[in-house]
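Report on the following structure.
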């Protein structure tokens with residue numbers, strides 16, 4: 001068997017396994033979490049964008065929700081601000097909130113949109129602050145239950 005024939009056979013097998021999922025999720029909206037730790041390698045980012053474009057081209061409506069913890073931590077360090085955590089949650093003052101917004105909305109979000117657009121799909125980036133989709137208020141100090149889920 002030639003390399004071309006073997007490759008064609010492999011692609012046919014892959015598509016036959018994928019087809020039931022493509023049919024199941026056609027015209028459905030799926031939420032994909034793209035974590036900050038996964039963003040460390042540009043080639044992996046391009047592969048992620050190709051996968052999102054493939055979902056869209058397969059009739060799925062992907063929504064990407066991204067993280068950015070490591071990138072936030074790196075920027076805070078660069079700005080000379082120590083990251084503070086209590087019970088696994090980031091404690092933020094106003095200056096930290098501004099840096100978090102800068103990293104998430106001004107850098108990461110735009111990079112993901114550009115990567116997806118480079119794959120031939122049309123992506124837009126939104127931030128929770130846009131249209132007051134998400135808002136936050138200062139939390140009162142509470143005791144976290146270690147036995148909760």
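If one computes the Cα centroid of the stretch 75-115 and of the stretch 6-47, what distance in Å separates the two points?
Using only Cα atoms, the two centres lie 29 Å from each other.
How large is the convex hull of the Cα atoms of the chain per residue, expressed in Å³ as a whole number?
182 Å³
Report, to the nearest 10°, how far helix 109-118 tilts away from the longest principal axis of the Cα atoms in the chain, using its own Cα long axis and a range of 0 to 90°.
10 degrees
Taking the Cβ of each residue in 42, 66 as the centre, tally the other Cβ atoms inside 10 Å and list the residues starting with the fewest.
Ordered from fewest to most neighbouring Cβ atoms within 10 Å, 42, 66 come out as 42, 66.
Which FRET efficiency value, to the nearest 0.05, do you get for residue 33 and residue 90 by plugging their Cβ-Cβ distance into 1/(1 + (r/R0)^6) with R0 = 22 Å?
0.80
Subtract the Cα-Cα distance of residue 24 and residue 139 from 0.36 nm times their separation in residues, and report this length gain in nm to one decimal. Before the final figure, lay out the partial values.
On the way: separation 115, 0.36 × 115 = 41.40 nm, distance 4.11 nm.
Fully extending the segment from residue 24 to residue 139 adds 37.3 nm.
Which residues in the stretch 36-66 place their backbone N less than 12 Å from a point set 7 Å from the Cα of residue 126 along the Cα-to-Cβ direction?
Label zone hits: 63-65.
To test your reading of the geometry: what angle, between 0 and 90 degrees and rounded to tens, separates the Cα axis of helix 3-25 from the longest principal axis of the chain?
That works out to roughly 60 degrees.
Can you tell me which of 83, 58, 16 moves the most in a GNM of the chain? Springs connect C-alpha atoms under 10 Å apart.
Highest fluctuation of the listed residues: 16.
Given a Förster radius of 35 Å and the C-beta distance between residue 74 and residue 1 as r, what FRET efficiency does 1/(1 + (r/R0)^6) yield to the nearest 0.05?
Values: r = 49 Å, r/R0 = 1.39.
In this case the efficiency is close to 0.10.
All of the numbers you see were taken from the coordinates with simple rules; none came from a lab. For clarity, every value in this text was computed on a predicted model and none was experimentally measured. Neighbour counts are summed over all protein chains in view; Cβ atoms, including those assigned to glycine, are modelled from backbone coordinates with ideal geometry.
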